[in-house]
């Protein structure tokens, strides 16, 4: 049965005639596909109250991959991040203490294009990305693509990014000179994951959160990422940059992949597919009590329930998951003015 999703407010005006791409669900603004404690959840996450009323962010999900396309446009307030549309990857062993993570393999393919989504298959090749990025730069687009992690000394705070005191980002790419990490006085270290070397920055954002940001040392974008990020997290645990009251063994609770979106006067499509996580860690042996408002990046400019057990080597492959939604909605959309 095909249900039609009706959108209220300014987002409804963005829906146009059907395109060649069909989806299982399309949501906008602060709507979401799935619950915050589902194994996989999608969220457009228009979190910034200062975002222009004539802007938008909408997220279309294809369960079969899984994959998603995000279409966004924020034509004002160039200095602000307006949304962080993301996919969240939950796991039976999350939250877990950083010290227990033996391996965390993350995988994703991503790209961006100027305009609306094109027909599948998506092209994540470096050569195509070079052409796409040139068009995005010429149009003045400012955004990034990044993994995002939240941790805290209090396990309960890790269920909600607003409550977490610490954030780690791994930037896989950026567009525009305005997309910059929170940089401190100098790079803390350089480390290699797979074929790519990353540099670590540290600073606090305007909300007082401690933000660690890994960026590629050579400035190159990584459109096809597949690597173990546990060493990057372990370094932060062992070298907390002289942060006062840094917890001796903090809890990691949230793992997300998405795009911080600053500015564009035209529609931009952010596409991702083939994302997954394999986690070897000791989880929390107790019931999870979620209290997640979903406002992933509140007070986070640039820096952007399950029963856990102690079994090691647990892994998820998102290509085999069934997305939990209230109804399966097929909606082909085109965005425009």
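If you take the alpha carbon radius of gyration of region 166-256 and divide it by 2.2 N^0.38 Å, what ratio comes out, to two decimals?
1.07
For a label point 7 angstrom out from the Cα of residue 285 toward its Cβ, which stretches of region 87-105 have the backbone nitrogen within less than 16 Å?
93-97, 100
Based only on other Cβ atoms within 10 Å, what is the fewest-to-most ordering of 224, 167?
Taking fewest neighbouring Cβ atoms as first place, the list is 224, 167.
How do 196, 82 line up, fewest other C-beta atoms within 10 Å first?
Starting with the residue having the fewest Cβ neighbours, the order is 196, 82.
Distance from the Cα centre of region 106-161 to that of region 187-221, in angstrom?
Taking the Cα centre of region 187-221 as reference, the centre of region 106-161 is 16 Å away.
Give me 246, 257 ranked fewest to most by other Cβ atoms within 10 Å of their Cβ, as a rough exposure proxy.
The fewest-first ordering by Cβ neighbours comes to 246, 257.
Given labels modelled 7 Å from the Cα in the Cβ direction, how far is it in nm from residue 187 to residue 243?
Here the modelled spin labels are 2.1 nm apart.
Calculated FRET efficiency, residue 99 and residue 53, Cβ-Cβ r, R0 35 Å, to nearest 0.05?
0.15
Residue 266 to residue 226: FRET efficiency via 1/(1 + (r/R0)^6), r the Cβ-Cβ distance, R0 25 Å, to the nearest 0.05?
It comes out at approximately 0.20.
Only the coordinates and a few stated rules stand behind these numbers; no lab work does. Source: prediction; values computed, not measured. Cβ atoms come from the backbone with ideal geometry, glycine included; neighbour counts cover every protein chain shown.
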